[in-house]
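Chemist: My questions all concern the structure below.
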There are 2 protein chains.
Amino acid sequence: MSPRVSKEHLKQRRADIMKAATQVFIEQGYEHTTMKHVMEAANVSRGGLYQYFSNKEDLFEAILEEGLSEEAEDTGFSLEEAASPQWTLLMKLMFGEDGRPDTNMDPLAPSKLEFFITGRHDERRRTYGEKRYEMGVNIYDEVIKAGQETGEFSDRYDSGLLARSIITFVDGLALDHAIQPEEKVRLKEQSELFVEYLKMALDVSSSS
Amino acid sequence: MSPRVSKEHLKQRRADIMKAATQVFIEQGYEHTTMKHVMEAANVSRGGLYQYFSNKEDLFEAILEEGLSEEAEDTGFSLEEAASPQWTLLMKLMFGEDGRPDTNMDPLAPSKLEFFITGRHDERRRTYGEKRYEMGVNIYDEVIKAGQETGEFSDRYDSGLLARSIITFVDGLALDHAIQPEEKVRLKEQSELFVEYLKMALDVSSSS
DNA sequence: CCCTAAAAAGACACCAGTGTCGTTTTGGTA
DNA sequence: TACCAAAACGACACTGGTGTCTTTTTAGGG
């Protein structure tokens, strides 16, 4: 009736496994990592690992969810700065806290792409992917819509369409960067150009 | 010393297998198709199949190469119409013969993405992917450069960077479309918007 | 019409990865 | 200190896919 170890300990172990697994996924990609790889990286036995995650998909989804909630925290934080212009918010959403293009990309991004592309024929995975896509669109959509309502942005273009364009661009960049070395893709320059584009589409004259 | 069947027959058989395989790859994706699937679709035995292709990777690359040379033919054809403005050429390159956005995508595109993403840690595959990326960049680069030289396009932006942006956009669209249903991605509208973007970047006032 | 070399067939051995299950260890509790 | 439920372990059986190898078939040349 009494648990043999504390809830804390379980949480911790689970977190440790996920951390180790994340590293493996980053290094090997989703398809090529095996539970054995994870076992070794996390210093846990087969049985031990399966106690926490029933398979690779389950494990990866846990990592995805974790990333999502972390992101949500950051975003929530950003959104509270209602004082700042929507443009600043938009830039922070796209490029992180410093709000301008750089060459950093989510190291797990390639594996995420793998996960959703190779799983596109699986009902569960597909639905999940669509849900995430929609969430992404919504976040950008809301910021753009807000800007358009205050008159900070032009409403010449549909906010949903612009939101989708941002996602497309980000996905395309992640994809190319997953395969090509950075200097061939020119991440930063491309991002800057895309920002130019957004400025045009939203009629933002903006400084810097 | 004399071959048992004609060269033609061999070519034909090989072509048949590739055609059947293409269909399987479209339906199942790269990672999930097995040689067995192909055997069944092509009505050929295990031994027979391996006579023509030494493994799945070999088979898929053959299909890729074939697609590339077909494309090259089309492109070559387009480029000969030197009379037409570079803008028209650019649109044809992006959207095919009719030169304007539609909802058609290469049905093999998702498998191609899979192939290169999951193979990104394999030396051979990576190199091959880079080569193809470069070819893609070059095609667009040349058209844009030509247009800039004749003064048809503004040379405000680097042609290589614009070429890369086009690839990024196309890749992003292919990726999203591989995972999302068409109506969520809004392929056509996004493409039209992107064309606006290009017009801005190249200073093309153009009719349509 | 037979002969033969190449093409097609499919049985086979092998491997890598999976998830389960019986056993052992562990640490809080009484 | 002894107990015991849960946690951790790792051997195991199973599966699905691969590439090879031997055998059978086939079609063109003599």
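Chemist: In Å², what does the accessible area per residue of the protein assembly as shown work out to with a 1.4 Å probe?
Modeler: Averaged over the residues of the protein assembly as shown, the accessible area is 52 Å².
Chemist: Within 10 Å of each Cβ in B:109-118, how many Cβ atoms from other chains are there, averaged over the peptide?
Modeler: 5
Chemist: What is the Rg over Rh value, at two decimals, for chain B, using alpha-carbon atoms and the Kirkwood definition of Rh?
Modeler: Radius of gyration relative to Kirkwood radius: 1.04.
Chemist: Still on this model: Put a label point 7 Å from Cα along the Cβ direction on B:LEU68, then list its distances to the equivalent points in the other copies in nm, shortest first.
Modeler: Computed spacing set for this position: 3.8 nm.
Chemist: Can you give me the % of accessible surface on the range A:1-69 that is carbon or sulfur? Probe 1.4 Å, all protein chains present, nothing else counted.
Modeler: For the range A:1-69, the apolar C and S fraction of the accessible surface comes to 51 percent.
Chemist: A further question on this structure: Please work out which residue of chain A brings its Cβ closest to the axis of the rotation superposing A onto B, and round that distance to whole Å.
Modeler: Checking which Cβ lies nearest the axis yields A:GLY172, 1.
Chemist: Which whole number gives the average count of other chain Cβ atoms within 10 Å of the Cβ atoms across peptide B:134-140?
Modeler: 1
Chemist: Using a 1.4 angstrom probe on protein heavy atoms only, which residues from the range B:152-174 are buried by at least 40 Å² of accessible area when all chains are present rather than their own chain alone?
Modeler: Residues meeting the cut-off: B:TYR157, B:LEU161, B:ARG164, B:THR168.
Chemist: Using only the alpha carbon atoms of the range A:1-69, find the Kirkwood hydrodynamic radius as the inverse mean reciprocal pair distance, in angstroms to one decimal.
Modeler: Here the Kirkwood hydrodynamic radius works out to 12.4 Å.
Chemist: Let me ask something else. Which whole number gives the average, over all residues in A:181-189, of C-beta atoms from other chains lying within 10 Å of the residue C-beta?
Modeler: Mean partner-chain Cβ count within 10 Å for A:181-189: 3.
Chemist: Express the relative contact order of the range B:143-208 as a whole percentage, based on alpha carbon pairs under 8 Å and six or more residues apart in sequence.
Modeler: 42
Chemist: Provide an ascending nm list, one decimal, of label-point separations from A:GLY151 to the equivalent residue in each further copy; define each label point as 7 Å from Cα along Cα→Cβ.
Modeler: Ordered by distance, the counterparts are at 4.2 nm.
Chemist: With contacts defined as alpha carbon pairs under 8 Å and 6 or more residues apart, what's the relative contact order of chain A in percent?
Modeler: Across chain A, relative contact order equals 18 percent.
Chemist: How much mean residue ellipticity at 222 nm does the protein assembly as shown get from its helices, if each DSSP H run of length 4 or more adds -39500 (n - 2.57) and you divide by all residues, to the nearest 500 deg cm²/dmol?
Modeler: Taking each H run of at least 4 residues, the total per residue is -24000 deg cm²/dmol.
Chemist: What order, most packed first, do the peptides A:168-178, A:57-67 have when packing is the mean number of other Cβ atoms within 10 Å of each residue?
Modeler: Taking the mean over residues of other Cβ atoms within 10 Å, the ranking is A:168-178, A:57-67.
Chemist: When each copy gets a label point 7 Å from Cα toward the beta-carbon at A:SER84, what are the spacings between them in nm, shortest first?
Modeler: So the label point of A:SER84 gives 4.6 nm to the other copies.
Chemist: What Kirkwood radius, in Å to one decimal, follows from the Cα pairs of the protein assembly as shown?
Modeler: 23.7
Chemist: Leaving ligands, DNA and RNA out of it, report the carbon-plus-sulfur percent of the accessible area of the range A:81-208 at a 1.4 Å probe.
Modeler: After summing per-atom areas, the C and S share lands at 50 percent.
Chemist: For chain A, what are the DSSP H helices with axial Cα length of 15 Å or more and mean Kyte-Doolittle hydropathy of at least 1.6?
Modeler: Result, helices passing both filters: zero.
Chemist: Moving on to the next point. Using a probe radius of 1.4 Å on protein heavy atoms only, what is the accessible area buried between chains A and B, both sides summed, to the nearest 100 Å²? Provide the component values of the computation, followed by the final result.
Modeler: Details: alone 12940 and 12960 Å², together 21470 Å².
The buried area between A and B, both sides summed, comes to about 4400 Å².
Chemist: Further question on the same structure: Taking the highest mean first, how do the peptides B:158-164, B:93-99, A:69-75 order by number of other beta carbon atoms within 10 angstrom per residue?
Modeler: B:158-164, B:93-99, A:69-75
The values are calculated or read from the model by the stated rules, or taken from the named source; none is laboratory data. All figures in this text were calculated on a predicted structure; none of them were measured in a lab. All Cβ positions, even for glycine, are placed from backbone atoms using ideal geometry, and neighbour counts span all protein chains on display. Only protein heavy atoms, including side chains, enter the accessible area calculation; ligands, DNA and RNA are left aside. Shrake-Rupley method; radii C 1.70, N 1.55, O 1.52, S 1.80 Å.
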